[in-house]
Amino acid sequence: MELLPQLFLSLFIGAIVGLDRDSSWQTTQKIYYSRFSFIKSGKPAKGLGGVRTFTLISLLGFLSGVAFLITPQFVFIGILCFIALIILTAISYFLNFFDKDTFGLTTEISIFILFIISFLLGANSIDYRLLLAIAIAISLILSLKVELRHFISKFTRREIIESLEFIFITIVVFPFLPDTNILLKMVYSYLNITGPFADIILFNPQKLWLVVIFVSSLSFAGYFLVKLFKTNQSLLLTGFLGGLVSSTTVTQLMAIKSKETDDQNIQDFLVSIALIANSTSFIRIPIIIIALNYPLFTAIALCMILMAVSGFSISLWTSKQNAITINSQLIFKSPLALKSALFFAFLFIIVQIVTQIGTLFFGHAGFAITTIIASLSGLDAVSINTAQNVPSVLPITFGAIVLIGAVIVNLVFKAFLSFFSASSYFTKRLTFFFIIVSILGIIGLLMTIL
């Protein structure tokens, strides 16, 4: 009686999977003429298994598991049943392959999985919740055949290859990199020379590759979100997603577009897109910081919230419904963007070395000056570098001041660049809104530190 619930659960799972197979064969019935004399021709083609077949397979696996539970020496019963199942499935598969020119292993693999989980259930070696989760996953995979094929057909070969490359750099490469700081004195020792700055950290292979993974992940997510939401028709979302990768790129793209029209309503819309992209970076920076340095995150959280909320609010207020089109591929050219990620990693090394030298010569002021200068090229590198130096090198309050200062200087630099590439109206409006956002950021900082 103790195994009665497991028995019913096993039969239920087999029936559920079998029902899906039955409905699949019914919707794809075709008349075929067999190549083999022992198979009747002119009959509807049927696949391997249905409700009865899968329920019996589940029962067979369950009974094999029960036999093993009673006496472990009876494991050979399960092995023999599984071998017999493999042979029968193989015969059916090859008949289907040669007779109907079908090629696929989905049903066959689901049969083997069903037998194994039923065996584990009978042997009382698997939690029923895990079993249900596996069964539901099998049923979904089998039933979503058309939908999955339609979904996959939307991806190009390049996207698939770069997705595999993304998995490779995140899962395969990272675990094998050493978590060791490479110091300048190691290079001196290798070259058999002496010199200053021996204790300067050049890079940490694992932490550096983590930076590459982070930037690649943002580009990867942004690319497919744009593809999914068709942001050529939703430019505000394009600005938001573009800000995940490069708010500078989006700002300059909108600046260039502003010179193509004299309509101030359209230029206002372009300003709102640029402002949304930059406001996204006010969310992106705290995400970077909280993963590396929670105390620093608490010190900048209010500033970033005020800057993000004001930026999004102003952009939504100024945006109008205009029929303009900007190709999002100009922002997201590749799902992986590995070159950009590697360049960013190189930039991160430079920023890290320069700020260490600045700190060595000029203390905290040196770190602040070099960080501000580095912010002209982007905020991610200085954010990560600051997070890694607080509080070991810098006090938390000073680190927060430096980081917010870098964010504001970055906004000033973007407004300065727009002066050369945008219309005067676009530049004035963008600069005005950047000033408002910056003032709110300073107010948030003062409220935090005072």
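The values are calculated or read from the model by the stated rules, or taken from the named source; none is laboratory data. Worth saying up front: this structure is predicted, and the values here are computed from it rather than measured. We place every Cβ from the backbone using ideal geometry, glycine too, and count neighbours over all the protein chains shown.
Brief remarks follow.
- Search result, residues across the range 272-309 that are touching a Phe, Trp or Tyr at 6+ places or on another chain (Cβ under 6 Å) and of a type in the set (Val, Ile, Thr): Ile276, Thr280, Ile289, Ile290
- Filtered residue count, the range 198-222, keeping only those that are at pLDDT below 70 and either more than 22 Å from Pro286 (Cβ to Cβ) or out of contact with any helix residue (DSSP H, G or I) (no Cβ under 6 Å at 6 or more places or on another chain) (or both): 2
- Within the range 410-425, residues that are in the same structural domain as Ser247 (by TED's automatic domain parsing) have Cβ atoms under 6 Å from residues that are not in a helix (DSSP H, G or I) in these pairs: Asn410/Leu379; Ser423/Lys259, counting only partners at least 6 apart in sequence or on another chain.
One line per residue, one yes/no per condition, for (1) of a type in the set (Ser, Thr, Tyr); (2) modelled with pLDDT of 70 or more; (3) crowded, with 19+ Cβ neighbours inside 10 Å; (4) closer than 20 Å to Val250 by Cα:
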| site | (1), (2), (3), (4) |
| --- | --- |
| Ile289 | no, yes, yes, no |
| Leu292 | no, yes, no, no |
| Ile300 | no, yes, yes, no |
| Gln329 | no, no, no, yes |
| Leu336 | no, no, yes, yes |
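- No other residue among Ile442, Ile435 is assigned by TED's automatic domain parsing to the domain that holds Asn278, in contact (Cβ under 8 Å) with a residue 12 or more places away in the chain and in a helix (DSSP H, G or I) apart from Ile442.
- Some residue of the range 74-88 being at pLDDT 80 or above and more than 27 Å from Leu130 (Cα to Cα): yes
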